[in-house]
Amino acid sequence: MSFVPDSIRIGILGDFNPDFRSHHATNDALQHSAHKLGIQLESSWLPTPSLLAPDAPKILEGFDGLWASPGSPYKSFEGMLKGIEFARVNDWPFLATCGGFQYTLIECARNVLGIKDATTAEEDPNAKNIIIYPVACEVPKRAKDAPKLSGLVPKIRLRPGSYLAGYYGKDVVEEEYFCNFEVNPEFEWTAMEAGFPIVARGADEECRAIESPTHQFFIATLFQPQLSSKPKKPHPLVLALVH
């Protein structure tokens, strides 16, 4: 049996916006899992500009785990990348969702593979190496004014034998999305080349999640597991992070 402490601290990389449902859901999902495990959990939002401060690494060390939140474009593009880099380099327990997933891929492309101008079309639509580009296939019957990829989407296939599939306990799931950008298929190789295999794909083979087989916990998903977490039924992926 693995040891679980009485209390933990999770740092959330991102710029909290009280109008964002996903931001409230991120806080709530952590508490659902903490209650299930019978521990106290303190979560703190770390604004992306603060991640560029000289003392940022010391502050990040004070947290037991980190979560790269939704909410792009962030106030500081470079700040979000710095926070993700800290987790990757120092093997800190790490979960990234939606925008956090997108920036995780960019961080790996820039700092592991040396593609220094890797970016997202949201930041620079005219860049040479656009790792993240606009959603190619819109979800039909989505809510008015909702992003192109939004709502509950079925038939997300998880790679058998992956950590992600192990946490879910199955190989096909459905999850909620709320985003306008996804992985440019021409740059899928960057994730695998950087050591982060693709472990979830959409109905048309789109990349939906990556993980590290060498870190203690390092998973990034385009979908948002926090949106389906419930007080009496914590999401298994968030539960795995907290555990």
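Of the residues that make up region 91-105, is at least one more than 23 Å from SER22 (Cβ to Cβ) and either in contact (Cβ under 8 Å) with a residue 60 or more places away in the chain or among the hydroxyl-bearing types (Ser, Thr, Tyr) (or both)? Write out each step before concluding.
Here is the first cut: in region 91-105, the ones more than 23 Å from SER22 (Cβ to Cβ) are 91.
Right, trim to either in contact (Cβ under 8 Å) with a residue 60 or more places away in the chain or among the hydroxyl-bearing types (Ser, Thr, Tyr) (or both) and you get 91.
So far as region 91-105 goes, yes, one or more of its residues are more than 23 Å from SER22 (Cβ to Cβ) and either in contact (Cβ under 8 Å) with a residue 60 or more places away in the chain or among the hydroxyl-bearing types (Ser, Thr, Tyr) (or both).
Could you check LEU51 against (1) buried (at least 19 other Cβ atoms within 10 Å of the Cβ); (2) outside any helix (DSSP H, G or I); (3) touching a Gly at 6+ places or on another chain (Cβ under 7 Å); (4) without any contact (Cβ under 8 Å) to a residue 60 or more places away in the chain and say which number it fails?
For LEU51, the exception is condition (2).
Regarding region 93-107, can at least one residue be identified that is out of contact with any Gly (no Cβ under 7 Å at 6 or more places or on another chain), among the aliphatic types (A, V, I, L, M) and open to solvent by 10 Å² or more (accessible area, probe 1.4 Å)?
Scanning region 93-107 turns up no residue that is out of contact with any Gly (no Cβ under 7 Å at 6 or more places or on another chain), among the aliphatic types (A, V, I, L, M) and open to solvent by 10 Å² or more (accessible area, probe 1.4 Å).
Please find, among ILE59, ILE10, ILE84, the residue that is at pLDDT 95 or above, farther than 23 Å from SER228 by Cβ, of a type outside the set (Ser, Thr, Tyr) and crowded, with 19+ Cβ neighbours inside 10 Å.
Details: ILE59 fails: crowded, with 19+ Cβ neighbours inside 10 Å; ILE10 fails: farther than 23 Å from SER228 by Cβ.
ILE84 is the lone residue from the list that is at pLDDT 95 or above, farther than 23 Å from SER228 by Cβ, of a type outside the set (Ser, Thr, Tyr) and crowded, with 19+ Cβ neighbours inside 10 Å.
Among the residues of region 38-56, what is the count of those that are in contact with a helix residue (DSSP H, G or I) (Cβ under 6 Å, 6 or more places away or on another chain) and of a type outside the set (Gly, Ala, Ser)? Spell out how you get there, then give the answer.
First, the residues of region 38-56 that are in contact with a helix residue (DSSP H, G or I) (Cβ under 6 Å, 6 or more places away or on another chain): 41, 43, 48-49, 51-52.
Filter again for of a type outside the set (Gly, Ala, Ser), leaving 41, 48-49, 51-52.
Qualifying residue count for the region: 5.
The values are calculated or read from the model by the stated rules, or taken from the named source; none is laboratory data. These figures come from a predicted structure and were not determined experimentally. Glycine gets a Cβ as well: all are built from the backbone with ideal geometry, and neighbour counts include every protein chain shown. Accessible surface is based on the protein model in full, side chains and every heavy atom, while ligands, DNA and RNA are left aside. Shrake-Rupley method; radii C 1.70, N 1.55, O 1.52, S 1.80 Å.
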